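Below is one structure, written out as structure tokens, with a few remarks after it.
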Amino acid sequence: MTRNPLRLALIAFAAIALVAIGVLYVLPAMQTSEPPAVVEVEDTAPAVAIDITEMQMGNPEAKVTVIEYASYTCPHCATFHLGALDRIKTNYIDTGKINFIYREVYFDRFGLWASMIARCDESKFFGLNDLLYAGQKDWASGAPADVVTKLAAIGKVAGLTDAQLDSCLSDGAKAQALNDWYQANADADGITSTPSFVINGQKYPNMNYQDFAAILDTELAK
């Protein structure tokens, strides 16, 4: 999936209503008939020191490190996560042969909102990852307010509370920090499409399990 990255002002939380430029707003707390609150974030907002956690699974001490760059709204990313990644997890991640790092790419606002849901409780991150990709065709298009409601429903399936969802979706400083983190990583590794992979420092495009396994085996044999 290849697109030109959008400025934060275009991808930040604007799911419920249009507001004047530069206005920060929060809607009333979530009720059964309303989607969760979201905020508008202007791209000139002052920087806030927020640490972004590297989401990883496997063995941090492994000789092979895989970094995946993916967007929650990317169909090819969903195909990888629902297919090849399962076998990679069984044969390389769960066995401790590799360390696997997942980094979000924000080509659109829906992907950013999904990331805010996935990171709402970091202990649930990879479980939410699976749910988001499995349900991508259902939630990743439509009216913004409907997308937020569907994302919140996925969060609830994973055990997130209304209070957690409201807090995460109204955190403009976290949205700013995530966008800055994504852009710095993408620039450093030359990421222009998803999914992309960096394996022991070498960038690779999307590939099937057989090709992926061959690269991992080569790196493990060194």
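When residues in the range 81-102 are screened for being touching a helix residue (DSSP H, G or I) at 6+ places or on another chain (Cβ under 8 Å) and either surrounded by 22 or more Cβ atoms within 10 Å (Cβ to Cβ) or closer than 16 Å to N208 by Cβ (or both), 10 of them pass.
Would you say L112 is more than 30 Å from E219 (Cα to Cα), touching a residue at least 60 places away in the same chain (Cβ under 8 Å) and not in a loop (DSSP other than H, G, I, E, B)? Walk me through how you get there before you give the answer.
Numbers: more than 30 Å from E219 (Cα to Cα): yes; touching a residue at least 60 places away in the same chain (Cβ under 8 Å): yes; not in a loop (DSSP other than H, G, I, E, B): yes.
Against the criterion (more than 30 Å from E219 (Cα to Cα), touching a residue at least 60 places away in the same chain (Cβ under 8 Å) and not in a loop (DSSP other than H, G, I, E, B)), L112 qualifies.
Of the helices (runs of 4 or more DSSP H) that lie entirely inside the range 133-222, those containing 2 or more residues that are touching a Leu at 6+ places or on another chain (Cβ under 8 Å) and surrounded by 16 or more Cβ atoms within 10 Å (Cβ to Cβ) span 144-157, 172-189. A62 - would you say it is among the aliphatic types (A, V, I, L, M), touching a strand residue (DSSP E or B) at 6+ places or on another chain (Cβ under 7 Å), surrounded by fewer than 20 Cβ atoms within 10 Å (Cβ to Cβ) and under 18 Å from A214 (Cα atoms)? Yes, satisfied. Give me the residue from the range 115-129 that is free of Cβ contacts under 8 Å to residues at least 60 places away in the same chain and surrounded by fewer than 16 Cβ atoms within 10 Å (Cβ to Cβ) and, out of that set, farthest from K156 (Cα to Cα). Filtering first and then ranking leaves S123.
Residues satisfying the criterion are present in the range 79-92 (criterion: of a type in the set (S, T, Y) and either farther than 30 Å from W113 by Cβ or not in a helix (DSSP H, G or I) (or both)). Among residues of the range 193-222 that are at pLDDT 95 or above, those with a Cβ under 9 angstrom from a residue that is small (G, A, S) and loosely packed, with under 13 Cβ neighbours inside 10 Å, sequence gap 6+ or separate chain, pair up as S196/G190; K203/G190; N208/G83; Y209/G83.
The values are calculated or read from the model by the stated rules, or taken from the named source; none is laboratory data. Keep in mind it's a predicted model, so treat the numbers as computed, not measured. With ideal geometry, Cβ positions are generated from the backbone for all residues, glycine too; neighbour counts draw on all protein chains shown.
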